[in-house]
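Worksheet for the structure shown next.
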Amino acid sequence: MVVFSKNPVHSVLYLVLTFFTIAGHYVLLNAQFLAAVHIIVYAGAIMVLFLFVIMLLNLNKETEPQKSIWLKTSAAMSSGLLLVVLVGSLKGAETIVATNAFNSNIGLIENLGKTLFGEFLLPFEVASILLLVAMVGAVMLGKKSIK
Amino acid sequence: MSAIQVVPLNWYLLLSTVLFAIGVLGVLFRRNAIIIFMSIELMLNAVNLLLVAFSSYLSDSKGQVFVFFIMAVAAAEVAVGLAILMMVYRNTKSSDINMMNKLKW
């Protein structure tokens, strides 16, 4: 429904629905903190950004140009073939056996923070630099004219 | 009783595969650049869901840390991408990706 709704605002709302379902899956998978972060980041920040741009560009009219029927058919066929190939490869995959003992609180903040700030400290800092660069780049692109 | 002890891992594999295929379909199907961005987000979320499923199944918290990094990269990508889209719209008055064929040979 994200793909097929004509109005981009409806598309965004269906995408928010999808994100909440994925957050529900995270809760079911014992990743409570990640579910909270997912809702805050995606439904809170990214979707508001999308809606803001759609409203700003005044795109909520249903007269946008569509691809030709030939291109649409080929797109549907190629993505369907991708789905078939991936599912077929999953059928042939062996099921792995969990080696660690089952631990239901790895998704809690304590264990996650120990891993994030212990083993993955350098990628964490690099991600912060990436966010800074993205912020500067977005501001530069958003300016009216660069002197 | 958590879901990972009841639901087999294969179903999560199947769900994220279907989500990824819907994202690919969205990228190929539409000409509106904003919808294409949304489909890319959908694909990133499929991969995130798969990482969390494996991490929970194997009781390893490294997978969830990777999901954090993917979220950070996705946020940066959306910010820069929407800024580029605003620039393109300001110059061409359209969000149609076929208007951006000036670099095509």
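The values are calculated or read from the model by the stated rules, or taken from the named source; none is laboratory data. Here the structure is a predicted model, which means the values were calculated and not measured. Ideal geometry is used to build each Cβ from the backbone, glycine not excepted, and the neighbour counts take in all protein chains shown. All accessible areas refer to the heavy atoms of the entire protein, side chains included, with ligands and DNA or RNA removed. Shrake-Rupley method; radii C 1.70, N 1.55, O 1.52, S 1.80 Å.
Tell me, what is the FRET efficiency for A:Thr21 and B:Val73 to the nearest 0.05, using R0 = 22 angstrom and their Cβ-Cβ distance as r? So the FRET efficiency works out to roughly 0.50. In this simple spin-label model, placing a label point 7 Å from the Cα along the Cα-to-Cβ direction at both A:Ser68 and A:Ser128 gives a separation of 5.3 nm.
Sorting B:Arg31, B:Arg90 by solvent-accessible area of protein heavy atoms yields B:Arg90, B:Arg31, largest first, with a 1.4 Å probe.
Once all protein chains are placed together, B:Lys62 keeps about 80 Å² accessible to a 1.4 angstrom probe.
Counting 0.36 nm for each residue step from B:Val18 to B:Arg90 and taking away their Cα separation leaves a gain of 22.4 nm.
A:His25 contributes about 50 Å² of solvent-accessible surface, heavy atoms of the protein only, 1.4 Å probe.
The label point for A:Leu51 and the one for A:Asn111, both projected 7 Å from the Cα toward the Cβ, are 3.5 nm apart. Sorting B:Val27, A:Val27, A:Val9 by accessible area puts them as A:Val27, B:Val27, A:Val9; the probe is 1.4 Å, largest comes first, and only protein heavy atoms count. The largest accessible area among B:Trp11, A:Trp70 belongs to the first residue in A:Trp70, B:Trp11, and the rest follow in falling order (1.4 Å probe, all chains).
Counting only heavy atoms of the protein chains and using a 1.4 Å probe, A:Phe20 has close to 100 Å² of accessible surface.
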